[in-house]
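Asker: This is the structure, below, for whatever I ask next.
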Amino acid sequence: MSSRRSRTRQSTSRISDDQINDLVSRLQQLLPEIRNRRSDKVSASKVLQETCSYIRSLHREVDDLSDRLSELLENTDSTQATIIRSLLSQ
Amino acid sequence: MSASQQLTPTNPNSALKIRLAYRFLLTLNTLNAKKPPNFDHTQIHRRSHRVKIAAYASMASVVGPKRAWSRAILWKIRNRGMLARNKKRIHRISTPIRLHRHHARRRRNPNRVVHVDPFVNSGLEVKLRKLVPGAETIDPCGLLDETADYIKYLATQVEVMRNLVDLYSTI
């Protein structure tokens, strides 16, 4: 039984630890807080926790920004071409 | 621009911003052209909901069907009428996943069972699968990849919207 288990574990080690560490460090680079803290040793679970809270805060921000944007859009009607132009020239 | 804005010196990021901004403004314009402005209180909520949908739709269309999260978003938006009608009968999460799970089962090699677990605490994995659209049936490594991609696009979209709000509010 244990030999069977070790055999399956060997065949699935294609998804190696290095690959996982790679992915976790990629995520770490995207998170704003951890990136600014400049510490190399951040545990994977901390990265995932930060990821979850970051995604939630991004969702909240999208909601908030779309509220404000819809309010502003109904007030300003024209001059959208100038807005687009100035935005794209940044 | 605000001082809290992070420096984005890399060119691909600003090119991505421009693509997202262009698509978003396009979607907003078609949105504005449809309905006449209405100052009713319920209409305000509905308008902001439409802007939110436009944001997610434009973000997912820029990526196209390449990613599981963009496919899930586009599917959800295109079928939101049907989903809203079936909300009471069928659990909302399971409906789009039903198709996706069937598709994934056909493709996947049955021997390829993932034993290496990056999620030491599996509660985090469940939370992440709920937050990232279309991530309920992906293997854990693909999940991390999808999450990174989703965060990148979502953060850029938020930046685009922030810039737009700044622009509109100074006019």
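Read-outs: derived from the displayed coordinates by stated rules, not from any lab. A quick note: this is a predicted structure, and the numbers were derived from the prediction, not measured. Don't worry about glycine lacking a Cβ; one is built from the backbone with ideal geometry, like all the others, and counts go over all protein chains shown.
Asker: Which FRET efficiency value, to the nearest 0.05, is calculated for A:Asp64 and A:Asp17 with the Förster distance at 41 angstrom and r the Cβ-Cβ distance? Intermediate results must be reported in sequence, preceding the final value.
Answerer: On the way: r = 39 Å, r/R0 = 0.96.
After rounding to 0.05, the efficiency reads 0.55.
Asker: Near the amide H of B:Glu136, under 5 Å away, which other amide H atoms are found, from residues 5 or more places off or on another chain, if H is placed in the peptide plane?
Answerer: none
Asker: Within 10 Å, count the other beta carbons around each residue, average over each peptide in B:49-56, B:78-85, and list them highest first.
Answerer: B:49-56, B:78-85
Asker: Zone of A:Gln29 (label point 7 Å along Cα→Cβ, backbone N under 18 Å): which residues in region A:50-71?
Answerer: Zone members listed by number: A:51.
Asker: Quick one: order B:Lys66, B:Lys17 by neighbouring beta-carbon count within 10 Å, fewest to most.
Answerer: Fewest to most other Cβ atoms nearby, the residues stand as B:Lys66, B:Lys17.
Asker: What list do you get for B:Ile44, A:Ile55 if you sort them by fewest beta carbons within 10 Å?
Answerer: Ordered from fewest to most neighbouring Cβ atoms within 10 Å, B:Ile44, A:Ile55 come out as B:Ile44, A:Ile55.
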